[in-house]
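Notes to accompany the following structure.
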Amino acid sequence: MQVRGAPLIAIVAALGLASHLLSEFADCTDETPLSTVHDFLLCNIEFLKTSRPTAVNLFEAMGLLSSAITKSLLDQPSTPVFVTSFVELCESLLARDIADNKAIGKNGATFLSQKLDSAPYSVLTHCNTGALATAGYGTALGIIRSLHSDSPNLSHVYCTETRPYNQGARLTAFELHSENIPYTLITDSMVSYLFESLKAANKPPIKAIIVGADRVCRNGDVANKIGTLQLSIIANHFGIDFIVAAPSTTVDLSLQNGSQIPIEHRPSSEMLQVSGILINNSSLSLDRAAVSIAPEFNVWNPSFDVTPASNISAIVTEKFVYTRNPISNDFDLSVSPL
């Protein structure tokens, strides 16, 4: 897995396609058949769509690019003009995602700040949803960035290591550390005890668990990194907000509920191997290594789980903050919230 993070998967796919297009047709002329370029792009778009089945942003981006191809069949621009406009469209997805992320951060921070009192509080996040999972800034981590910048009452951030791929330990902790946001890294299995321990120690309590999403259904069911479901159950047990942050490109209105979401299963090696920097006190070299810790063991390794809408307090997008309908106990993301 070289690229991860639902928004980033889509952007890298689009920019990779643009780069491939330029490498093949940079010297095209008006005499180059437009149909040749179309066939080249459509073949590669279909191939890219097979890479990651759960993250819907990829399919939204590829659909957008396919629509541009369809439109050009009607407009019949010259081949060089089409190639230039197609590359510009791919590049525009980068700027769109950054703008969406910052809007999500602002909307989420405003929503939480209006709900919470003036007492110091903490938040918890799962997996990696920051600049390393998007074009920049982040979704759930974007909200946390905005809270850190604008809310003087945010005291601390807790991030789970996020087994088995350790995105929280490798990426989220790195981002929080780099931005001087007070944080503590914990294992996935420590969350419930952390809530109890903060209360016993009279430390700022966790008031919200904020996560991202790889696909959001019409009714608000959410597919996200494995472990998200259990965090939503913990949030409901302790009576705190469970907030999902995602751009509108992550919302799949064609799916009524989470039972229809395809769940990607990852290789067993992600659980059976540990990779990292070798510790050698006598050397300053930074050598990486992968170590097998449990060879030939049976493994079940779904990369995502589905959190029901009934466990979610709010879904924050760049356009709106959707809150759960208290009567139906779900959402309707096909309409704008009142």
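Checked against the criterion of being out of contact with any Cys (no Cβ under 7 Å at 6 or more places or on another chain), among the hydroxyl-bearing types (Ser, Thr, Tyr), within 17 Å of SER19 (Cα to Cα) and outside the structural domain of THR249 (by TED's automatic domain parsing), the range 53-68 contains one or more residues that satisfy it. Among the residues of the range 1-29, those identified as at pLDDT below 90 and surrounded by fewer than 16 Cβ atoms within 10 Å (Cβ to Cβ) are MET1, GLN2, VAL3, ALA26, ASP27. Contact annotation: residue pairs with Cβ atoms under 6 Å, 6 or more positions apart or on different chains, pairing a residue in the range 240-263 that is in the same structural domain as ILE312 (by TED's automatic domain parsing) with a partner that is of a type in the set (Asp, Glu) and crowded, with 21+ Cβ neighbours inside 10 Å, are PRO247/ASP100; PRO247/GLU318; ASN257/ASP221; GLY258/ASP221. For the range 281-307, filtering for residues that are of a type outside the set (A, V, I, L, M, F, W, C), at pLDDT 95 or above and not in a loop (DSSP other than H, G, I, E, B) leaves 3.
In the range 239-260, the residue that is farthest from VAL335 (Cα to Cα) out of those that are out of contact with any Ser or Thr (no Cβ under 7 Å at 6 or more places or on another chain) and surrounded by fewer than 16 Cβ atoms within 10 Å (Cβ to Cβ) is GLY239. Screening the candidates TYR165, TYR183 for the property of being free of Cβ contacts under 8 Å to residues at least 60 places away in the same chain and either surrounded by 24 or more Cβ atoms within 10 Å (Cβ to Cβ) or farther than 30 Å from PRO337 by Cα (or both) yields one hit, TYR183.
Here are CYS159, CYS217: which of them is buried (at least 24 other Cβ atoms within 10 Å of the Cβ), more than 22 Å from ASN329 (Cα to Cα) and touching a residue at least 12 places away in the same chain (Cβ under 8 Å)? Walk me through it before giving the result.
Values: CYS217 fails: more than 22 Å from ASN329 (Cα to Cα).
After applying the criteria, what remains is CYS159.
Taking each residue of the range 110-133 that is free of Cβ contacts under 8 Å to residues at least 60 places away in the same chain and looking for partners that are part of a helix (DSSP H, G or I) and among the polar types (S, T, N, Q) with beta-carbon atoms closer than 8 Å, six or more apart or interchain, yields GLY130/THR172. Scan the range 108-124 and tell me whether some residue there is under 30 Å from SER275 (Cα atoms), touching a strand residue (DSSP E or B) at 6+ places or on another chain (Cβ under 6 Å) and buried (at least 24 other Cβ atoms within 10 Å of the Cβ). Yes, the conditions are met somewhere in the range 108-124.
Sort out which residues of the range 158-185 are in contact with a helix residue (DSSP H, G or I) (Cβ under 6 Å, 6 or more places away or on another chain) and either among the acidic types (Asp, Glu) or more than 18 Å from VAL274 (Cβ to Cβ) (or both), and write them in order of number.
First, the residues of the range 158-185 that are in contact with a helix residue (DSSP H, G or I) (Cβ under 6 Å, 6 or more places away or on another chain): 159-165, 181, 183, 185.
Scanning the range 158-185 gives CYS159, GLU161, ILE181, TYR183.
When the range 308-338 is filtered for residues that are assigned to a loop (DSSP other than H, G, I, E, B), touching a Gly at 6+ places or on another chain (Cβ under 9 Å) and β-branched (Val, Ile, Thr), only ILE312 remains.
Of the residues that sit in the range 52-76 and are over 20 Å from ASP100 (Cβ atoms) and surrounded by 14 or more Cβ atoms within 10 Å (Cβ to Cβ), which one is modelled with the lowest pLDDT?
PRO53
Looking at the range 81-93, which of its residues are over 29 Å from GLY227 (Cβ atoms) and either touching a helix residue (DSSP H, G or I) at 6+ places or on another chain (Cβ under 6 Å) or crowded, with 18+ Cβ neighbours inside 10 Å (or both)? Even if it seems obvious, please write down each step before you answer.
First, the residues of the range 81-93 that are over 29 Å from GLY227 (Cβ atoms): 81-92.
Hits for the range 81-93 are PHE82, VAL83, PHE86, VAL87, LEU89, CYS90.
Across the range 44-88, the qualifying residues are those that are under 20 Å from ALA223 (Cβ atoms) and among the β-branched types (Val, Ile, Thr), and the one among them that is farthest from the chain's Cα centre (by Cα) is THR50.
The values are calculated or read from the model by the stated rules, or taken from the named source; none is laboratory data. This one's a predicted model, so the numbers in the text were calculated from it and none came from an experiment. Cβ: placed from backbone, ideal geometry, glycine included. Neighbour counts: every protein chain shown.
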